[in-house]
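Written below as structure tokens is the structure these notes are about.
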Amino acid sequence: MIKTAEDIILKPIITEASMAMGAQKKYVFRVMTKATKPEIAKAVEDLFKVDVKCVNTMKVHGKRKRVRYVYGYTSDWKKAIVTLKPESKTIEFFDGMI
């Protein structure tokens, strides 16, 4: 299966903490669970035309939920914090949020 940039980067994560990191040129995305750091970096460079310095990833475990009498878990997912090079331009999508 060929992974495209749109398959790897699922959606941006918009929170107060992630918006505060925008000043340091760090952006947070929800990514495909099987994606590697080089694949994530290439996908961000292709989608937003920026230069990526490094990528930090973390696995987020699903939360325990209850529906009536049955307990279950939400899906696990992967979060990526992408840091851009200092000379790189910012991502315009996040500039409109601030």
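The values are calculated or read from the model by the stated rules, or taken from the named source; none is laboratory data. Small disclaimer: the values here were computed from a predicted structure and weren't measured. Cβ atoms come from the backbone with ideal geometry, glycine included; neighbour counts cover every protein chain shown. Calculation scope for accessible area: heavy atoms of the full protein, side chains included, ligands and nucleic acids excluded. Shrake-Rupley method; radii C 1.70, N 1.55, O 1.52, S 1.80 Å.
Brief remarks on what is shown
- Among residues other than LYS79 with Cβ under 9 Å from its Cβ, the summed charge is +3 (Lys and Arg +1, Asp and Glu -1).
- Full extension of the chain between ALA17 and TYR73 yields a length gain of 17.6 nm, computed as 0.36 nm times the residue separation minus the alpha carbon distance.
- Take ILE2: with every protein chain present and a 1.4 Å probe, its accessible area is about 150 Å².
- Accessible area (Å², per residue) of region 1-54, counting only protein heavy atoms and a probe of 1.4 Å: 62 Å²
- Stretch in the chain that is longest and holds no trypsin sites (Lys or Arg not before Pro) that DSSP places in a loop and that have at most 13 other beta carbons within 10 Å: 1-33
- For the chain, the spread of Cα positions along each principal axis, largest first, Å: 54, 35, 19
- In degrees, nearest ten, helix 37-48 long axis to first principal axis of the chain (Cα): 60 degrees
- Simple spin-label estimate for VAL60 and GLU45 in nanometres, 7 Å along Cα-Cβ: 2.6 nm
- Computed accessible area, VAL50, all protein chains, 1.4 angstrom probe, square angstrom: 10 Å²
- Solvent exposure, largest accessible area first (probe 1.4 Å, DNA, RNA and ligands not counted), of MET1, MET58, MET32: MET1, MET58, MET32
- Entries of LYS42/LYS89; LYS11/LYS59; LYS26/LYS78; LYS37/LYS65 with Cα pairs more than 22 Å apart: LYS37/LYS65
- Per-residue Karplus couplings for region 66-76, computed as 6.51 cos²θ - 1.76 cosθ + 1.60 with θ equal to phi - 60°, are listed in order as 10, 10, 6, 9, 10, 9, x, 10, 6, 5, 6 Hz, Gly and Pro entered as x.
- For the chain, the carbon plus sulfur part of the accessible surface works out to 56%, probe radius 1.4 Å.
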